[in-house]
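Enquirer: Dropping the structure in here first, questions after.
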Amino acid sequence: MKIELLYFDGCPNHAAFMPRLRTLLDRAGVDEEVRLMRVESDDEARAAGFLGSPSLRIDGRDVEAGAAKRNDFGLKCRLYQTSDGLSGTPPDELVIAALTDARA
């Protein structure tokens, strides 16, 4: 399983998300390294399909449903819709679902 966390230095949300991601990986029984991928320019953002920081991909697929249809790439903080409103990090249920799907 390939786990990638894409980010850019202008947004602090990826650093805040890392401890929670490690907890979610443990809870899902996944003992894989998280590859940190820093995006440094708008050109890199477009080339990588970077929707903002943090973006979590499992086996190359974004954890957020519908992300593959988006094209709003760039160096920005990403927002995720949750049951409690917007969040700067992916909701736990998206991460767990993506990990479960990847293991199936």
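Readers should treat all values here as calculations from the given coordinates under stated rules, not as data from a laboratory. Please read all numbers here as calculations on a predicted model, not as lab measurements. In this analysis, Cβ positions are derived from the backbone assuming ideal geometry, glycine residues included, and neighbour counts consider all displayed protein chains.
Enquirer: Have a look at the DSSP beta bridges in the chain and tell me what percent are antiparallel, nearest 5.
Expert: Working: 9 of 15 bridges.
Counting only bridges with both partners in the chain, antiparallel ones make up about 60 percent.
Enquirer: With contacts defined as alpha carbon pairs under 8 Å and 6 or more residues apart, what's the relative contact order of the chain in percent?
Expert: Across the chain, relative contact order equals 34 percent.
Enquirer: So for the pair Leu79, Met18, with labels modelled 7 Å out along Cα→Cβ, what separation do we get in nm?
Expert: If labels sit at Leu79 and Met18, their model points lie 2.6 nm apart.
Enquirer: What are the radius of gyration and Dmax of segment 14-64, computed over its Cα atoms and given in Å?
Expert: So, for segment 14-64, Rg and Dmax equal 12.1, 36 Å respectively.
Enquirer: Moving on to the next point. Kindly express, to the nearest 10 degrees and within the range 0 to 90, the angle between helix 13-27's C-alpha long axis and the longest C-alpha principal axis of the chain.
Expert: 20
Enquirer: Another question, then. Describe numerically, in nm with one decimal, the distance between label points set 7 Å from Cα along Cα→Cβ at Ala104 and at Met37.
Expert: 2.4
Enquirer: Net charge near Glu40, counting Lys/Arg +1 and Asp/Glu -1 over other residues with Cβ under 15 Å of its Cβ?
Expert: Working: positive: Arg38, Arg46, Lys76; negative: Asp9, Asp42, Asp43, Glu44.
Once all neighbours under 15 Å are counted, the net charge is -1.
Enquirer: So what is the diffusion coefficient of the chain in µm² per second by Stokes-Einstein at 4 °C and 1.567 mPa s, using a Kirkwood Rh over Cα pairs?
Expert: Details: Rh = 13.7 Å.
In µm²/s, the coefficient is 95.
Enquirer: Another one. Helix 92-103: angle to the longest alpha-carbon principal axis of the chain, degrees 0 to 90, nearest 10?
Expert: 70
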